[in-house]
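These notes are about the structure you will find just below.
Each reported figure results from applying straightforward, stated rules to the coordinates on display, with no laboratory input. From a predicted model like this one, the values you see are computed outputs, not experimental measurements. Cβ placement follows ideal geometry from the backbone for every residue including glycine, while neighbour counts extend to all protein chains displayed.
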Amino acid sequence: MKKTLFDKVWDSHVVQQVQDGPDILFIDRHMVHEVTSPVAFLGLKNRNIPVMYPERTFATADHNTPTINQHLPVQDPLSANQLKALEENATQHGISYWGLGHEKNGIVHVVGPEYGITQPGATIVCGDSHTSTHGAFGAIAFGIGTSEVEMVLSTQCIMQPKPKSMRININGELGKGVTSKDVALYIISRLSTSGATGYFVEYAGDVFTNMSMEGRMTVCNLSIEMGARGGMIAPDHKTFDYIQGREFTPTGANWDKAMTYWETLHTDAGANFDKEYHFDAAEIEPMITYGTNPGMGMGITNGIPTADAVEGGEATYKKSLAYMGYNEGEDMIGKPIDFVFLGSCTNGRIEDFRAFAEIIKGRKKADNVTAWLVPGSHKVLNAIKEEGILDQLHQAGFELREPGCSACLAMNDDKVPTGKYAVSTSNRNFEGRQGPGSRTLLASPIVAAAAAVTGKVTDPRTLL
Amino acid sequence: MAYDKFTVLTSTAVPLPIENVDTDQIIPARFLKATERKGFGDNLFRDWRYNQDNSPKEDFVLNNPTYSGKILVGGKNFGSGSSREHAAWSVYDYGFRCVVSSFFADIFKNNCLNIGVLPVQVSAAFLADIFAAIEADPSTELVIDLPEQSISISSTGASENFDINSYKKGNMTNGFDDIDYLLNIKDNIRDFADNTPL
Ligand code: SF4
């Protein structure tokens, strides 16, 4: 039978099927962070059971950590308590733990690939919905809830019905100033935030083949924002080049053995998908969101759609625009902004900082803008320094913070104040996501850079 | 964690006719700092329910004494966004045992099933009927019959069937969870693990 990439990886991980029920799926790698794990560890304690495979589990602190003065004790007692709980749990169960200040510390979905934990054909889960990021390597990766974290810790398995399959094809060439983030925001705007619910997505076509690994991670990361459980891209020479030589990547004979498996990881010609979309790369502009879900995005030079032009509830749409302080039909170009956030597991990798620097180089940060530039990990931070990007940032009046999730979910002190506008490279523009009352415009790193130097929404192509 | 068995639930319902209710609205991230599963009900819909000075917002449905009950009825695409199980916990801890909508986000739905909140997906038309019936008479009861997989509106007699996979249904009606099941097949899992390539 012809199989999809997804089928191949899924089917090879089914331990058994429950009659009239879900598949029992074996999990190769489990990433753990401080926010969604404490209650799971408590569950193990209550049941008096151990972690089944500590060597398949990796813990990092990222969601709830400060992004300045990480060498000092964490101020917020609740955050400090969560970090302590993770450290204790990891130590007690023999799990590798990359805590605050550790050289390998960073956002869970940034460090996984950096250290070769993320591998093609693997099943990877984490108690964070953007686990879909790891699909960029041809892995099946998805976010889980805390009960499931407990399940994986105790049995290395998860019970899931097999999702339906979807393929999104984009061929042609992307225009100037159009990045992987724009591709993802474009897809979500076409499918809506629930358009892929119940599906696992494969991205295919020239656009993804030509994308860097970082770009592929950005696209797969955002799969969840259209409701998909995850997204994946078939591994190719770029994937293998990226992972080779990393700490947890197999070596020698094990590498050869893994390669034999990895080379089978592509969708067979003629394999069937439950749903398939085709888009044209030339249609995609630099994107920006204007509302309170990631599906409310548009080409940056367009006007905000009118309620009658959008599908779904008019009342919900109007409530959303009212929250943003915008009106139907207005242009986004020229809208004043207050904050810029460059970072998160969506766009906090070195390529994103390079792209940001490309625009701000030789320019100055606008006086009305507060900018939070937060690397996804220490490895990214070091690269920013080594490549001279830090100097460029300083010359333009920007400062760099320390790694973490930061304003992506604003659990720490990096909160956008009520009513203020932030152009953010993260993944969610929900009401209050970046702080109570905050207003988020999602965009690519270069749109964020253009906003940072002009103090308003600006077409980055005019600065390239 | 074990939870109460779910068979037939008859209750008034709280209407929330908003679409795309995301997990950041259900429970904002700043309330995720606990290391125990306690007290999440107080922060359910925190920013819709309370002003920044912690005074209740009069116009939000949970602050309106006219509406109460163990069933929450939400608009399409309920629970989108984050994987935080805290969203399902806060729904449960507040006292809801069932959420009705015409469409649920995947992870939220799974999380609910794992902790004993029943997600009931109905047609868009039936959802509109429920909202209309509650608006006409807030004391209208809904009857959720899990063994029969049916939901009915007591005041109008209208009813509809809903889907749930039979394994999850068994768990809900018995108050079991997946870990109990998996711990029983640990030897099979170990054999499987010994033969995986990665
Ligand atoms: S950066 Fe945001 S989306 Fe990514 S792991 Fe952190 S909180 Fe989750």
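The table that follows gives values for the structure above.
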| read-out | value |
| --- | --- |
| Dipole magnitude of segment A:9-145 about its Cα centre (Cβ charges: Lys, Arg +1; Asp, Glu -1), debye to nearest 20 | 220 debye |
| Share antiparallel - DSSP beta bridges, chain A, percent rounded to 5 | 25 percent |
| Rounded to 5, percent antiparallel among DSSP beta bridges of segment B:37-143 | 10 percent |
| Spin-label proximity, residue A:68 to segment A:333-373 - amide N less than 13 Å from point 7 Å beyond Cα toward beta carbon | A:370-373 |
| Simple label model, 7 Å out from Cα along Cβ direction - residue A:206 to residue A:87, nm | 5.3 nm |
| Ordering of B:26-33, A:429-436, B:11-18, A:8-15 by burial proxy (mean other Cβ atoms within 10 Å per residue, highest first) | A:429-436, B:26-33, B:11-18, A:8-15 |
| Cα-centred dipole magnitude for segment A:340-459, charges only on beta-carbon of K, R (+1) and D, E (-1), debye, nearest 20 | 240 debye |
| DSSP loop GluC sites (Glu not before Pro) with at most 16 other Cβ within 10 Å excluded, longest remaining stretch of chain B | B:59-147 |
| Positive-end extreme of charge dipole, segment A:23-85 - chosen from A:67, A:24, A:42 (charges on Cβ) | A:42 |
| Calculated from backbone phi, Karplus (6.51, -1.76, 1.60) coupling profile of segment A:338-350 in Hz, x at Gly/Pro | 10, 10, 10, 10, 9, x, 5, 6, 7, 9, x, 9, 4 |
| Residue (of B:149, B:126, B:55) at the positive-pole extreme of segment B:26-159, dipole from beta-carbon charges | B:55 |
| Note, ³J(HN,Hα) from phi for segment A:297-305, Karplus 6.51, -1.76, 1.60, rounded to Hz, x at Gly and Pro | x, 7, x, 4, 8, 7, x, 4, x |
| Long-range HN-HN contacts of residue A:16 with modeled amide H, under 5 Å | A:24 |
| Residue mean of other protein chain beta carbons inside 10 Å, A:30-42 | 3 |
| For segment B:51-179, the spread of Cα positions along each principal axis, largest first, Å | 41, 38, 23 |
| Above-threshold pairs, the threshold being 27 Å between Cα atoms, out of A:181/A:238; A:8/A:238; A:420/B:33; A:238/A:361; A:3/A:104; A:335/A:379 | A:238/A:361; A:3/A:104; A:335/A:379 |
| Listed peptides A:301-311, A:128-138 by packing density, highest first (mean Cβ within 10 Å) | A:128-138, A:301-311 |
| Sites residue B:132 and residue A:256 - FRET efficiency at Förster radius 51 Å, r taken between beta-carbons, to 0.05 | 0.20 |
| Shape category assigned to segment A:346-464 from the gyration tensor of Cα positions, a/c cut at 1.5 | oblate |
| Test item: B:169-182 mean partner chain Cβ contacts at 10 Å | 4 |
| Calculated Rg and Dmax of the protein assembly as shown using C-alpha coordinates, Å | 23.6, 72 |
| 5 Å binning of all Cα-Cα separations within segment A:109-153, expressed as whole percents from 0 upward | 6, 26, 31, 22, 13, 2 |
| Dipole moment magnitude, nearest 20 debye, chain A about Cα centre, only Lys, Arg, Asp, Glu C-beta charged | 380 debye |
| Cut-off 15 Å between beta-carbons: net charge of the residues surrounding residue A:71, Lys and Arg +1, Asp and Glu -1 | -1 |
| Euclidean distance of C-alpha centroids, segment B:145-159 and segment A:403-464, integer Å | 46 Å |
| Span from the segment B:36-107 Cα centroid across to the segment A:11-33 one, whole angstrom | 30 Å |
| Karplus-derived HN-Hα couplings along segment A:433-450 (A = 6.51, B = -1.76, C = 1.60, θ = phi - 60°), whole Hz, x at Gly and Pro | 4, 9, x, x, x, 5, 10, 10, 10, 7, 6, 7, x, 7, 5, 5, 5, 4 |
| Modelled FRET efficiency - R0 25 Å, residue B:139 with residue B:5, Cβ distances, 0.05 increments | 0.40 |
| Distance in nm between pseudo-label sites at residue A:462 and residue A:272 (7 Å out along the Cβ direction from Cα) | 5.2 nm |
| Centre separation in Å (Cα based) which lies between segment A:283-316 and segment A:84-150 | 33 Å |
| Loop sites in segment A:272-357: trypsin sites (Lys or Arg not before Pro), DSSP, at most 14 other Cβ within 10 Å | none |
| Local net charge near residue B:11, Cβ-Cβ under 11 Å (Lys/Arg +1, Asp/Glu -1) | +1 |
| Placed amide H near residue B:12: partners under 5 Å, 5+ positions off or other chain | B:70, B:142 |
| Cα-Cα over 22 Å, subset of A:162/B:70; A:365/A:385; B:57/B:109; B:5/B:169 | A:162/B:70; B:57/B:109 |
| Burial ranking of peptide ranges A:232-239, A:92-99, B:191-198 (average Cβ count within 10 Å, highest at the top) | A:232-239, A:92-99, B:191-198 |
| Rounded FRET efficiency, nearest 0.05, which uses the C-beta distance separating residue A:241 from residue A:162 and R0 of 25 Å | 0.20 |
| Sequence-distant residues sharing a close amide H with residue A:371 (under 5 Å, placed H) | A:340 |
| Peptide B:44-50, shielding by other chains (average Cβ, 10 Å cutoff) | 1 |
